[in-house]
Amino acid sequence: MCAAERPIDPAGAGWPARLHVVTGKGGTGKTSVAAALALALAAGGRRTLLVEVEGRQGIAQLFGIDPLPYEERHLADAPDGGEVRALAVDAEEALLEYLDMFYKLGAAGRALRKLGAIDFATTIAPGLRDVLLTGKVKEATTRTNGQRRTYDAVVLDAPPTGRIGRFLNVTAETARLAKVGPIKTQSEGVAALLRSPMTAVHVVTLLEEMPIQETVDAIADLTALGFGVGKVLVNGVRPPLPAGQAVTAAELRRGLVAAGLPADRDIVAGLHDEARDQVIRRELEDSLRADLVELGLPMIELPLLPDGVDRAGLATLAQALVRAE
Amino acid sequence: MPSEDAAPQLDVDQILADPGVRIVVCCGAGGVGKTTTAAALALRAAEHHGRRTVVLTIDPARRLAQSLGLTELDNTPRQVKGIDVEGSGGELHAMMLDMKRTFDDVVLQHTDPAKAAEIFANPFYQAMSSTFAGTQEYMAMEKLGQLHARGEWDLIVVDTPPSRSALDFLDAPARLSRFLDGRMLRLLLAPARSGGRSMFSLVTASFGMFSKVVQKVLGAQLLTDLSGFVAALDSMFGGFRQRAEQTYRILQARETAFLLVATPEPDAVREAAYFAGRLREEQMPLAGLVLNRVHRPAVPELDAEQSRVAAERLTELGGHEATADVLRAHAALARQAVREQQVAARFTEAFPAVPAVSVTAQPADVHDVDGLRTIGAAISRP
């Protein structure tokens, strides 16, 4: 990583929100992109929090560490003295913490858990579960240490596109059940933050038909619900082919000979097939990209990582996320 | 493929043709092509093996659904027209799961109309039947049980819901029945049933506290709704539990074949490995692994490094840009193939006895019957 070629904006311009909600269809690399964003936004001495809420331990698996507890932990150093912390929010723990804060439950809280009461409460009212999860995210986002905010930015590895609208739309879900009381107040506070300019929902996709369809649907859904959609993050993009057009077998044979490679019929035919598939794929990708451009949202393309998402790969993604601005 | 050396080859035709196999369950992480795989297998069972097949899909992509003639959630299997079953005599039916309607049907079956109406009107039922994490999984299994009980089909192919984790769908029936049958509910009902007779004192004390807290936090109306819901469901506990257990036993039986679906990506392979472990624990019949979207260079003898070096040489020489591009693309493909094999090996090393089949990535997405046929052929004859 050469600092000269990486004009990281320490203020995180281009990413104006404080809470970044990252969603996407399963398999699009949403967790990796969320982690890369947390790294990018922490660069230059800032501190960010990367949060997961689905009990998948995706962050721990991505970073190759032990499962995360319900506790904010140092996860990684960012370039130029920044820090990324991580938190796996658990609905049960969040409920106990919440009850404890207001009602000082102590041992009774543990008894309730043993009894299955907590499981029961979060099971029977799924909206309650989500309000507890998003409530914790809100608390971390708005927390201050004296004058200073604890986190410059919070990045949420959110549920996938199919569930994101319902997950964020906490007031509607809880309003059906809790008509008065602190939970209602709590959910209204969360809803206000999620619908404010402090929050941006980013959608991760691939240049493939189904993820793009889900991206388009999710953006329409989120917009209708009043959430601010930030960017479309296109993951796994392959480098452009400079020549781009179809190559003839004869041309290919001459090239192979010039490169000192074997150029028998099978090799030429094989490479010719590969080139044809590439062109088909690229044409499809171009038309899919055009569909995304039509959404009229800021779009960032993230490179395909040929060796998978390791730490170096995350750094590459992080650079791409801020360099694009 | 070197990565498959360790694992026996999965023969899906043998499974689809076997009259003893009545249920095929496709499971795996989200985004690995479960629905497409399920539809392709069902089509192949009908066209090639002459079986009267129904495919139960959960949330198919719009165009795939259209290609099967599914335009709405109607919870009823519809015959798929325009497929080639003249020679085989098979049939293909398809349906999309309507979670809420399936839940409503279960309620109706287990109670009288007046009580059912009361349940349907309860806000807890409304929340639970449409959003409860696990309801979709439970209802998929319920629907499977219903289709199986009707005995109209030779083969039922099930696509599992895009769960948080692939395990949810195995756990959901048990969780729901545990929940409906649980101590919490009995406690909530206890005062009504027996004048407040308690099980043991600490529980009662905490529970009294719990009620108070719930009243404070959620409001009294909520508690009233909750106990109404619980009382209404009380009569159905036995039925719910019995059905969940029945479905579980069907899944363990030899007439069922589980197929894990994955792509050669770390998350998907990890989910598949978890699932394989779970199926083993639960003594459920795992038939094999379908590895979708595998990249295979057409010229395996030319490796990534050779190819990259040659592309650079051509760029220096000039005049061979098109070939240099092809070689660079080949290098990327070869590198991806090597990485995919390493990722896939994590599964085959952990479960060397589980048969596997790799399906080459298609250049374009599948959304018609022809595309499904191609996929079916690719799964059967890799």
Worksheet item: According to the Kirkwood expression over distinct Cα-Cα pairs, how big is the hydrodynamic radius of region B:1-85, in Å?
Response: 14.5 Å
Fill in: Residue pairs, from the table A:Lys136/B:Lys34; B:Lys34/B:Lys115; A:Lys25/A:Lys136, whose Cα atoms sit over 29 Å apart
A:Lys136/B:Lys34; B:Lys34/B:Lys115
Response to the item:
Rounded to the nearest Å, the spacing of the alpha-carbon centers of region B:7-80 and region B:304-382 is 26 Å
Worksheet item: What does the average come to when, for each residue of peptide B:302-315, you count the partner chain Cβ atoms lying within 10 Å of its Cβ?
Response: 3
Item to complete: Please express the shape of region B:290-330 as an equivalent ellipsoid: the semi-axes are the square roots of 5 times the eigenvalues of the C-alpha gyration tensor, given largest first in whole angstrom.
Response: 25, 10, 7
Discussion item. Please list, in order along region B:339-354, the HN-Hα scalar couplings obtained from phi with the Karplus expression 6.51 cos²θ - 1.76 cosθ + 1.60 (θ = phi - 60°), rounded to whole Hz, x for Gly and Pro.
Written reply: 5, 4, 5, 5, 5, 5, 4, 4, 6, 5, 5, 6, 10, x, 8, 7
Fill in: Cβ-based exposure ranking for A:Ser196, B:Ser227, B:Ser380, in which fewest neighbours within 10 Å come first
A:Ser196, B:Ser227, B:Ser380
Worksheet, complete the sentence: Least to most buried among A:Met101, A:Met198, by other C-beta atoms within 10 Å and fewest first, runs A:Met101, A:Met198
Worksheet item: Going highest first, how would you order B:265-274, A:19-28, A:221-230 by mean Cβ packing within 10 Å?
Response: A:19-28, B:265-274, A:221-230
Discussion item. At a 10 Å Cβ-Cβ cut-off, how would you order A:Arg47, B:Arg101, fewest neighbours first?
Written reply: B:Arg101, A:Arg47
Fill in: Peptide A:253-263 - average C-beta neighbours from other chains (10 Å radius)
6
Worksheet item: For region A:16-80, what is the charge dipole size about the Cα centre, in debye to the nearest 20, if Lys and Arg each add +1 at the Cβ and Asp and Glu each add -1 at the Cβ?
Response: 260 debye
Item to complete: Using only atoms on other chains, find how many Cβ atoms lie within 10 Å of each Cβ of peptide A:140-147 and report the average.
Response: 0
Discussion item. Cβ neighbours within 10 Å, averaged per peptide: list A:134-146, A:280-292, B:137-149 in order, most packed at the top.
Written reply: B:137-149, A:134-146, A:280-292
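None of the figures in this text is laboratory data; all of them are computed from the coordinates on show. The model shown is predicted, which means the values in this text are computed figures rather than measured ones. Counting neighbours? That spans all protein chains shown, and the Cβs are built from the backbone with ideal geometry, glycine included.
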